[in-house]
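A short worksheet on the structure shown next.
Bear in mind that the values in this text are calculations on the coordinates, not laboratory data. Quick caveat: nothing in here was measured; it's all calculated off a predicted structure. Positions of Cβ are generated from backbone atoms using ideal geometry, with glycine treated the same way; all protein chains shown enter the neighbour counts.
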Amino acid sequence: MNIWKISIKNLFHKPLYTLLSIISLAISIGLLLGIRQLDTAVKQQFDNSLGNVDLVIGAKGSPLQLVLASVMHIDNPTGNISYQEAKKISKNPLIKTAVPISYGDNYKGYRIVGTTEQFATLYEAALDKGQLVQKPMEVVLGYTVAQQLNLKIGDTFLSSHGFVDNDMDVHSDPLTVVGIYKPTQKVIDRLIVTNLESIWEAHDHENHEGLNEHDDHEEHEDHESHKSHNEHADEDKEITSLLIAFKSPMGLLTIPRQINDKTSMQAALPKYEVERLFQFTGIGVKVISWIAYIILIISCITIFISLFKMVKERAFDLALLRTYGASNFQLIKIVAYEGLLIGLLATVLGVIISQSGLFFVYRMIKEEYKQTILQNLSYIDILQTSLWVFVMIVVAITLSILPIISMNVSKILSNEK
Amino acid sequence: MIHTENLTFKYHQKETVFQFPDIDLNQSENLLILGKSGIGKTTLLHLMAGLLKPNSGTVTIADVSLQSLNSKQLDKFTGKNIGLVFQKNYAVRSLNVMENIQARLFFCKKKVDNSAITNLLQQLNIENCKSKKINELSEGQLQRLGIALSVIHEPKLILADEPTASLDDKNCQAVMSLLLDQAKKNIANLVVITHDQRVKPLFQNILEL
């Protein structure tokens, strides 16, 4: 027999109270941990996805949309820009790399991006297997794409039009897998990379084929990046956007203004736009956090009430233990251990709740948005939340042991009748 | 061996000052304290048990004056040397019979001797209740558990507060003989306070308040 055993027996003596305390506390801990982790993970994911892209140039429209479409690859593009003009900008001496990209097709929901070899350097992506794209209709797969679709080098597939997997609008020319990139945890993992010519050819070819193609294009005009061309001349070529990495931060100061003022294109800063986006989503995170904190406070009040009730209802039991030779401090320990045990169990359960909750959220994100988010358990978050819980429980314990300190054993025992 | 001298006690915010006659018991001597309710029987018992501090006077048990001990020493000393029996015998409700006895021994820092426990429970005829919860016991079993809890740690003094008040004649006899028997076995002094006249014939020493 020892103090711990008595505390545990006390908890089991009122299993419903104990369960209620543990569950309500665990839910608030789970919510707090979950929302923090999700927030950090999504932010990290976004920041990471940006790679080394300092600036993106595309057709006029919403800068956020441009960033989401051309850098994050989760939104529809704003329109097309002239390849010729893009090339002119690329010659600016402040620019380290300028990568043109063009897209408008997908395979099973994974976007096909036509670009140059430099695209991979923006994401520091190295080849895992195979080789780089040498000629049109060859593709290199991002790591996630290869894994999820179970594609190997030499496999061929037919791409479909737009950004959603469909059987209606399939291109007739098959694409051949020639390489697979190593995992980077960046956006390139879930892209199918080819050269610009593949994209241009696919759509030129189609334009010659059917009359109904025209209707289709009108329908998609706002959403799609490409337009058909009858000529192959470079001057008429269009791309969706130009991704830029600067040599020095000086470029950030001059180039965006130059483009926004003097051309029909717009320049958007991915880091700035993403930050702006988080300001919107941040409100949601804050609200959920506040709700979690309120639940935390309520559950600590529940714990206080159940401990206090225990002390009051079992005053006789406690007085009895005093006549057995227990000191006041030992009685306080009994109550304190009960509170701490509840807190500990709730924290463990809370971590389990948050992790399994996030597991499902991430799986949903993966299915819906083809985004793989790493489920990193943040120890700092756990530590911080546990500290909160610990402080709350200590307050609850302190309040509930007050009757023990002022306990009059003689009075309790003489009122036994 | 218990000895009280010039004990007086006054409850906070009350006028009445209780003055108690001196008590002097040698080894194995028992005492019955009779008196009407409100006369301070329980107060005297709690003074002897160290649960109340007298306004004046001393209580000496086994040559140790309770007034000379600090509160921590007092807890340990009374826990070790005194066994208390109540009218309605209570045990800790979240623990079962065996655990109550173990807790009793834990808090007064006595070793758990399983054969001694079994032996005592057999004498009290509650050996088969070892793993029963407190609320599963009958009134009589609870009473006997109360006696077990008051003697398991081999105290020098057993103090019983109205142990027979709610019992019929037969059970009254049974409880009293168990208490006297256990006091004798432990070479302890038994002090019983009661207003129950049925107990009178069992004692040589009687103090009327």
Compute the distance from the alpha-carbon center of segment B:166-187 to that of segment A:242-285, in whole Å.
93
May I ask what percent, to the nearest 5, of DSSP beta bridges between residues of the protein assembly as shown are antiparallel?
65
Summing Lys, Arg as +1 and Asp, Glu as -1, what charge do residues with Cβ under 12 Å from the Cβ of B:L34 carry, B:L34 excluded?
+1
Once amide hydrogens are built 1.01 Å from N within the peptide plane, the residues lying 5 or more places from B:I158 or on another chain with amide H under 5 Å from its amide H are B:G83, B:N189, B:L190, B:V191
What net charge is computed for the residues neighbouring B:Q67, neighbours being all others with C-beta under 13 Å from the C-beta of B:Q67, Lys and Arg scored +1, Asp and Glu -1?
0
Dividing the alpha-carbon radius of gyration of segment A:55-268 by 2.2 N^0.38 Å (N being the number of residues), what value is obtained?
0.98
To test your reading of the geometry: what angle, between 0 and 90 degrees and rounded to tens, separates the Cα axis of helix A:3-13 from the longest principal axis of chain A?
80
Where does the protein assembly as shown land at 222 nm, in deg cm²/dmol rounded to the nearest 500, when only DSSP H runs of n ≥ 4 count, each adding -39500 (n - 2.57), divided by all residues?
-16000 deg cm²/dmol
Between segment A:292-368 and segment A:71-114, how far is it from one alpha carbon centroid to the other, in angstrom?
55
Most mobile listed residue (A:G79, A:G130, A:G109) in chain A, GNM with C-alpha springs under 10 Å:
A:G130
Place a +1 charge on the Cβ of each Lys and Arg in segment B:50-137 and a -1 charge on the Cβ of each Asp and Glu, then give the dipole magnitude about the Cα centre in debye, rounded to the nearest 20.
220
Cross-link table A:K88/A:K366; B:K130/B:K200; B:K130/B:K185; A:K135/A:K186, entries beyond 30 Å C-alpha to C-alpha
A:K88/A:K366; B:K130/B:K200
Looking at B:H195, B:N171, B:L25, which one has the Cα that reaches farthest to the positive end of the dipole of chain B (charges on Cβ: Lys, Arg +1; Asp, Glu -1)?
B:N171
Could you go through segment A:325-332 in sequence order and give the Karplus-derived ³J(HN,Hα) for each residue, using 6.51 cos²θ - 1.76 cosθ + 1.60 with θ = phi - 60°, rounded to whole Hz, and x for Gly and Pro?
x, 6, 8, 3, 4, 5, 5, 4
Can you tell me the dipole magnitude for segment B:2-208 around its Cα centre, using point charges on the Cβ only (Lys, Arg +1; Asp, Glu -1), in Debye to the nearest 20?
600
By counting other Cβ atoms within 10 Å of each Cβ, how are A:S90, B:S115 ranked from fewest to most?
B:S115, A:S90
Under 5 Å, built H, 5+ apart or other chain: amide partners of A:K129:
A:I180
Cα axis of helix A:196-209 to longest principal axis of chain A: angle in degrees, 0 to 90, nearest 10?
70
Phi-based couplings in Hz for segment A:283-298 (Karplus 6.51, -1.76, 1.60; Gly and Pro marked x)
4, x, 4, 4, 4, 5, 4, 4, 4, 4, 5, 5, 4, 4, 5, 4
Summing Lys, Arg as +1 and Asp, Glu as -1, what charge do residues with Cβ under 15 Å from the Cβ of A:Y17 carry, A:Y17 excluded?
+4
Going by alpha carbons, how many degrees (0 to 90, nearest 10) lie between the helix axis of B:114-123 and the longest principal axis of chain B?
80
Report, as a whole number in µm² per second, the diffusion coefficient that Stokes-Einstein gives for segment B:26-67 at 10 °C and 1.306 mPa s using the Kirkwood radius over alpha carbon pairs.
136
State the Cα centre-to-centre distance between segment A:151-201 and segment B:64-119 in whole Å.
80
Among A:I291, A:F304, A:W4 the positive-end extreme of the charge dipole of chain A (Cβ point charges)
A:W4
Arranged by the count of other C-beta atoms within 10 angstrom, fewest first, what order do A:L11, B:L149, A:L127 take?
A:L127, A:L11, B:L149
Given the options A:P183, A:P270, A:P77, state which has the largest fluctuation in a GNM of chain A using a 10 Å cut-off (strictly under) for Cα springs.
A:P183
Among B:L157, B:Q123, B:A91, the residue whose Cα sits farthest towards the positive end of the charge dipole of chain B (+1 at Cβ of Lys and Arg, -1 at Cβ of Asp and Glu, taken about the Cα centre) is B:A91
Quick calc, chain A, dipole around Cα centre from Cβ unit charges on Lys, Arg (+) and Asp, Glu (-), nearest 20 debye, gives 3960
Using Cβ contacts closer than 10 Å as the measure, can you line up B:T43, A:T78 from fewest to most?
B:T43, A:T78
